[in-house]
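Below is one structure; the comments refer to it alone.
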Amino acid sequence: MTEMQIRRYARHIVLPEIGGIGQSRLIAARVLVLGAGGLGAPLLQYLAAAGIGTLGVVDDDTVDLSNLQRQVIHRTSDIGVAKVASAERALLDINPEVTVQAHRERLTAANADRLVAGYDVVADGSDNFATRYLLNDTCYRLKKPLVAAAILRFDGQISTYKAWHGAGHPCLRCVFPAAPSEDAVPSCAQAGVLGALAGTLGAFQATEVVKEILGVGRSLSGRLLTYDALDGSWDEGAFEEMAIEKRPDCPTCGHA
């Protein structure tokens, strides 16, 4: 690392779990983030600040005034601008050493393999089950760790999926074998979402991405962590954890 990098990442380097070797791994890492919205905004900023060498951003949308309540990577002056362009500007302001690969496109079956293949870890900040399932299946097939989170109203959840590792490592379809109806799970536009909640779960995602790159701590694979922002009892209410298991009949990973 250069002298400037040592100064920039000094608070990481003094952590025994990271050190100079770990920080060098972060600098060499390639992370793909799906969505530059509520979850992607804080996630991308923390990953850039952490020194992730290459950040891919997938989003085909433009910045809207209604986004600014939670999508803190964008400014009022960015309204009408492509979200990937606004995100790239913000990330390079935070850390000009980061390479940002802006993919202004929607994830589809036709481009999923191309987008995911070049990265080490994938983080999902999408807002619909069709996209989540597609990304889950692609990451499973290409053996990429997937850190996925979701938010609605005052509630959030997060897990890491590495189903190709075998027993004890489920995929997203093991937890949600079928997409719920639109009536059962309304969109954020319909039901609302606390802006700061996106920051909480996005920061959690950034932490889990860094852990996966470094191989430190306990992975969230096999566990689903939920958060209730309205519950202030930290010991027995706001956070809950449930074990999740691989389903033998899972259409994605049941044979693994």
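The values are calculated or read from the model by the stated rules, or taken from the named source; none is laboratory data. Model, not experiment: these values are computed from the prediction. Here the Cβ is made from the backbone with ideal geometry for all residues, glycine too, and neighbour counts use every protein chain on show.
Worth pointing out:
- Yes/no for Lys83 being buried (at least 20 other Cβ atoms within 10 Å of the Cβ) and among the basic types (Lys, Arg): yes
- Screening Cys253, Cys174 for residues that are assigned to a loop (DSSP other than H, G, I, E, B), farther than 19 Å from Leu34 by Cα and not aliphatic (A, V, I, L, M) leaves exactly one candidate, Cys253.
- Qualifying residue in the range 113-121 (condition: modelled with pLDDT under 95 and at negative phi): no
- Selected residue (criterion: farthest from Gly192 (Cα to Cα)) from residues of the range 58-98 that are acidic (Asp, Glu) and not in a helix (DSSP H, G or I): Glu97
- Selected residue (only one of Arg218, Arg223 is charged (D, E, K, R), in contact with a strand residue (DSSP E or B) (Cβ under 8 Å, 6 or more places away or on another chain) and modelled with pLDDT of 95 or more): Arg223
- Pairing residues of the range 11-31 that are charged (D, E, K, R) and assigned to a helix (DSSP H, G or I) with residues that are surrounded by fewer than 20 Cβ atoms within 10 Å (Cβ to Cβ) and modelled with pLDDT of 95 or more, at Cβ distances under 7 Å and at least 6 apart in sequence or on separate chains, gives Arg25/Leu214.
- Scanning the range 53-71 for residues that are under 15 Å from the mean Cα position of the chain (by Cα) and closer than 10 Å to Ala87 by Cβ returns Leu55, Val57, Asp59, Gln71.
- Pairs, first assigned to a helix (DSSP H, G or I) in the range 205-218, second surrounded by fewer than 24 Cβ atoms within 10 Å (Cβ to Cβ) and acidic (Asp, Glu), C-beta under 9 Å, six or more apart: Glu212/Asp120; Ile213/Asp120; Leu214/Glu17
- For the criterion of being exposed (fewer than 14 other Cβ atoms within 10 Å of the Cβ), within 17 Å of Asp127 (Cα to Cα) and among the hydroxyl-bearing types (Ser, Thr, Tyr), Ser77 fails.
- Condition check for Leu152: crowded, with 21+ Cβ neighbours inside 10 Å and either more than 16 Å from the chain's Cα centre (by Cα) or of a type in the set (A, V, I, L, M, F, W, C) (or both): no
- Gln101 meets each of the listed conditions (1) under 30 Å from Asp231 (Cα atoms); (2) in a strand (DSSP E or B) apart from (1).
- Verdict on Val175 being aliphatic (A, V, I, L, M), surrounded by 20 or more Cβ atoms within 10 Å (Cβ to Cβ) and more than 16 Å from the chain's Cα centre (by Cα): no
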